[in-house]
Amino acid sequence: MRLAFRFFSVFTLASLALGAQAEEKFSFRATAGKLPKNIVPLHYTVHVVPDLQRFRFAGDETIEIEVREPSATIVLNASEIEIASASLSGAGMGTQALQPKLDQEAQTLSFTLTQPLAKGRYTLAINYRGVINRSAEGMYYDRYQVGKDQKIVIGTNLEATDARRFFPSWDEPAFRARFTMSADVPGNFSAVSNMPVATQTSVAGGLKRYTFAPTPAMSTYLVVLAAGELERSTTTRDGTEIGVVTTAGKQAAAQYALASSAQLLGYYNDYFGVRYPLPKLDQIAVPGGFGGAMENWGGIIYNETVMLYDPAKSAPRTKQSAFVVLAHETAHQWFGNLVTMAWWDNLWLNESFASWLEAKATNHFNPEWRVRLSENSNRERAMSIDALKSAHPIYQAIMSESQIAGAFDRITYDKGQAFLLMLENYLGEEPFKQGIRAYIDKHKYSNTTSADLWEALSAASGKPVADIAAQWTTQAGFPLVKVDAVCEGGQRKITLSQQRFLADGSAPDARLWSIPVQINNGTAKPETVLLKERSQSFTRAGCEGALVLDADGVGYYRVAYSPALLAALTRAMPGLPDSARLKTVSDAGVFLSAGTLSLPSYLDLLTALGDEPRDAVWKMVLERLAGFDDLARNEALRPALQRFAIGIAVPKFKQLGWDAKPGEAFEQTQLRTRLGAFLGTLGEPEVLAQARRRFVRFQADPASLAPAMLDVVIGTVGRHADQATFDALLAAARKAEGTEEKARFYGAVFGALDPTLAAQVLPMAMSPEVPPLIASDALAAVAADHPDMAWAYAREHSAALLKLQPDYGRDEFLPRVVSGSSDVATADALEAFVKATMGADAMIPAKRVAELIRVRAQRKARLMPQLQRWLEPKA
């Protein structure tokens, strides 16, 4: 407890205070963190020798350090590390052996010297041993199948605080240093790191030694090493060698990533005005590890499901998602790597910007994907969390290493992205870009806080960015903008008011935002006003046409129209811009759930959409209908509700047909898949029968099923499987070699509707034959239809299940199992169980999910009677 208190006292009080006052610009001395700043690392030389029989590794490192203030102790980070020996050398002192003191709770390694070190440079040498983990923490390994052979690949994942598991280090982002990495790996392996290979030699024991060129100064969490039976192909863009690295035999599926990476590197070189500074950039695809990607500088590691695209086997959505993830991680090479947040409370400076840029770059190269529309679903997910009382701000105080993982959430990524889009729209695209360029150029190879960014954007735009941004980044929640208007003498007087939107309908607090509100007054040119007060009025010429707020869909706020304005908007729906229709339907669905919009008014909006062409709008409608269906579980009205939902989706699906047409737009393919999966989930008879017929043909001839319909067919037959079909899908999952294919078949198995089959899924959550990342989804998938069964299993086996989860996902595991519940008793049980069995930090996600369950219970009590009355004539 003493160390925990010291950790709090060192930086947390300052961090908490930032919610109420402006954040200061970056200062190394003032930056939060546990480690003293009197000694800093300058250059690490790290050599590791993995033992793939015992899954341990030997390490030797030398660290050039600078003592900035006299000190008798050296304190750095270490975890899961055994120190064999250590020494310190320097001018005038020779070499002095050191006695290590490891504090496992604090994750520190310290050395106490006989007398204080004077200012100057020294060399710290450490010989140590570490663990190669099964989960993606520090150095990890993953098994994968090639025919009948089982192979192993190793990699590293050091974000946020796992570099200390790989080598003793100053493992906080402000301690930038250079790194020279080397490794001895089996002779049939090749190895990849941040920088190009400097030398490659054979060493004793049939091993090969790879030594890599030194890196620029960077944070520890960006170091990478990957090794295995790897293949690499390359191209060049703007003088940088770009590589794609895969396990053997998968290079053909990596060529889309290679071509896309070249596009993205050129785009970002131009956008940032600072060229990518490393000589190479590798995109590394591995079969397992973690579920997404990690932006290590010069050597990004991806789970191969999010990077590889095989047109013969991958659904079209895989192509889109691969580009988006590549765009996100490549953007990090500037936002995050070249310029790094000072401390984890400003994680959003890394992740929000990468998310914002992923959409910008994707839209630039693939406008036909309409990614600006599809990204709305990310904003909606963020807003659903941000509407809870337990929501946290974009900027949040981090009080311990264990809390860092919780910062990687929808608020940090998606709310931050949405805020940046709104801010860019308000400042103007060109001033915003010039501000970003100035920020990157000024702070390259250094660290920053939000204040550094606001300074650059203010200078470029001439607007008080810091005053506006502080309200959006340091307070939780978002505003509801109410709008009313009257026509007086040919002019429309528009009155806007704001208050915090809360999902449970409770009274809002007094907080305000400076809101850039886009107004479309009939046919007049759109304009943006800044709503800063509780209520403001604006007069505009003309009363013709519908009044639309946020027609471009760039605002992070909800819009509630007066009844008369909503009626006019409903009549105008078919002629509104795509983004305006999407915004209106999104907000209306939320207001229906919150009890502030009637069911007939919502259904009128759906009817007004007519023959809606946009996939993103359909996605919003179908998700709302699926939400109604979830709430109606075990309710008598559910069959009638499902028939109603099917009736909405069937005409469009029949219009599109089962099979793609020559020259069909990407969006049409996506929409067919979405509608087919929705109807298959609900068991629409014709879709179910067709899916079963196509699955039989697929079993005999896999090429008979178009990649775009794989998920529809396999997901549908899995959900409605009998024992024979279940067994066939499980056999296919076990046999599959590709990670995407394996996940598809296991996902179909996990979704089985039959409770007897669902019970057979439960043990797969702990089965060694199921890849860990896939196994971690099993209980949440079962809980979608059998919540009591999944929750009972999770509680009974919680100790074993939690041991299988990586540190970064452990606290969220149990809440995820029950997150779809609408039973208040389940919310109470979750909080009580987590409180009794897990640490205090685990209560944060537990309380958040419990609140979400209680809000959903309120929603159910409100909506089910309305739906019952409306559906009675149709029953």
Q | DSSP-defined antiparallel bridges as percent of all bridges, the chain, nearest 5 | A | 80 percent
Q: Check the straight Cα-Cα distances from residue 34 and name the lysines below 25 Å, setting aside those fewer than 8 residues away within the same chain.
A: 25, 101, 119, 444
Q: Keeping all protein chains in place, calculate the accessible area per residue for the range 513-568 (probe 1.4 angstrom), answer in Å².
A: 40 Å²
Q. Can you give the net charge of the other residues whose Cβ lies under 11 Å from the Cβ of residue 638, counting K and R as +1 and D and E as -1?
A. -1
**Q.** Heavy atoms of residue 374 accessible to a 1.4 Å probe, total area in Å² rounded to 10
**A.** 40 Å²
Q. To the nearest 500 deg cm²/dmol, what mean residue ellipticity at 222 nm is calculated for the chain from DSSP H runs of n ≥ 4 alone, each contributing -39,500 (n - 2.57), summed and divided by the residues?
A. -13000 deg cm²/dmol
**Q.** Degrees, to the nearest 10: 685-700 long Cα axis against longest axis of the chain
**A.** 40 degrees
Q. Helix 615-631 sits at what angle to the longest principal axis of the chain, using alpha carbons and giving 0 to 90 degrees rounded to 10?
A. 80 degrees
Q. Which loop trypsin sites (Lys or Arg not before Pro) in the range 275-368, with loop taken from DSSP, have no more than 16 other Cβ atoms within 10 angstrom of their Cβ?
A. 275
Q. Which one of 597, 610, 574 is farthest out on the positive end of the charge dipole of the range 539-614, using unit charges on Cβ (Lys, Arg +1; Asp, Glu -1) and the Cα centre as origin?
A. 597
Q. Tell me which aspartates and glutamates have Cα within less than 18 Å of residue 442's Cα, excluding those fewer than 8 residues away on the same chain?
A. 24, 270, 452, 455
Q) Applying 1/(1 + (r/R0)^6) with R0 = 25 Å to the Cβ-Cβ distance of residue 866 and residue 562, what FRET efficiency is obtained, to the nearest 0.05? A) 0.70
Q. For helix 739-750, what angle does its Cα long axis make with the longest principal axis of the chain, in degrees from 0 to 90 and rounded to 10?
A. 50 degrees
Q: Please compute the net charge surrounding residue 369, taking Lys and Arg as +1 and Asp and Glu as -1 over other residues with Cβ under 11 Å from its Cβ.
A: 0
Q) For the range 102-188, which GluC sites (Glu not before Pro) are in a loop by DSSP, counting at most 16 other Cβ atoms within 10 Å? A) 105
Q: Please give the FRET efficiency for residue 145 paired with residue 384, using the beta carbon to beta carbon distance and R0 = 41 Å, rounded to the nearest 0.05.
A: 0.60
Q: Please work out whether the range 634-697 counts as rounded, prolate or oblate from its C-alpha gyration tensor, where a ≥ b ≥ c are the square roots of the eigenvalues and a/c under 1.5 means rounded, while otherwise a/b larger than b/c means prolate and anything else oblate?
A: oblate
Q. For residue 510 and residue 437 in one chain, what is 0.36 nm times their gap in residues minus the Cα-Cα distance, to one decimal in nm?
A. 22.6 nm
Q | Approximate spin-label separation residue 274-residue 571, in nm, with each point projected 7 Å along Cα-to-Cβ | A | 5.5 nm
Q) At a Förster radius of 56 Å, what calculated FRET efficiency corresponds to the Cβ-Cβ distance of residue 537 and residue 829, to the nearest 0.05? A) 0.70
Q. Say each of residue 95 and residue 756 gets a label point 7 Å from the Cα, pointing the same way as Cα to Cβ; how far apart are those two points in nm?
A. 7.1 nm
Q) Considering only the other residues whose Cβ falls under 15 Å of the Cβ of residue 38, what net charge follows from Lys and Arg at +1 and Asp and Glu at -1? A) +3
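The values are calculated or read from the model by the stated rules, or taken from the named source; none is laboratory data. For clarity, every value in this text was computed on a predicted model and none was experimentally measured. Here the Cβ is made from the backbone with ideal geometry for all residues, glycine too, and neighbour counts use every protein chain on show. Keep in mind that these areas ignore ligands, DNA and RNA; they rest on the heavy atoms of the full protein, side chains included. Shrake-Rupley method; radii C 1.70, N 1.55, O 1.52, S 1.80 Å.
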